[in-house]
Amino acid sequence: SSRIYNTGDSSSDNGRRPVRARQSSSYNGDDDDDESANRTRSNAEPPKDKYVVSQEAYSAQTRAATMVRSVENLLSMVADIKRAYLVNDTNTLVAMADRRRQLLEERIRATRNEIEALNSTLDTAVRELEAVYYNSKYVK
């Protein structure tokens, strides 16, 4: 037959399975084969002690704190840029000043019209008083 067989020391049928079948079973998580289990254990990292774990945790916390600080700095720079844009945006400032000037001019016009109306009412009242005073029989 054209299949490649591994005839290791294993006394079970797993030693007679084709190499590809054993490889696919190890990829699928089937660890029935003693040799694949030994291979997996030899390639795996040794268990970590408390010092290595604490070092990795400290490193992760440091990276996270650095990222948080960087994001805060970035947000503050964005806020500063927005503020600078609003303060230094000449088109917006000119438009705001024009709107304010137009509003003040309208109020000034309304006040002047009101004053003219009051002046004409006052002139009419003074003329009426003068007419009454000069036409009065008590003043002569």
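Computed values, structure above
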item: Pairs with Cβ under 9 Å, 6+ apart, first in the range 53-66 and in a helix (DSSP H, G or I), second surrounded by 10 or more Cβ atoms within 10 Å (Cβ to Cβ); result: Glu56/Lys48
item: Those residues of the range 83-103 which are of a type in the set (A, V, I, L, M, F, W, C) and either open to solvent by 70 Å² or more (accessible area, probe 1.4 Å) or at pLDDT below 95 (or both), in sequence order; result: Ala84, Leu86, Val87, Leu93, Val94, Ala95, Met96, Ala97
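The values are calculated or read from the model by the stated rules, or taken from the named source; none is laboratory data. Not measured: the values here are computed from a predicted model. Glycine also receives a Cβ, built like all others from the backbone with ideal geometry; neighbour counts cover every protein chain displayed. For the accessible areas, the whole protein counts, side chains as well, though only heavy atoms, and no ligand, DNA or RNA atoms are used. Shrake-Rupley method; radii C 1.70, N 1.55, O 1.52, S 1.80 Å.
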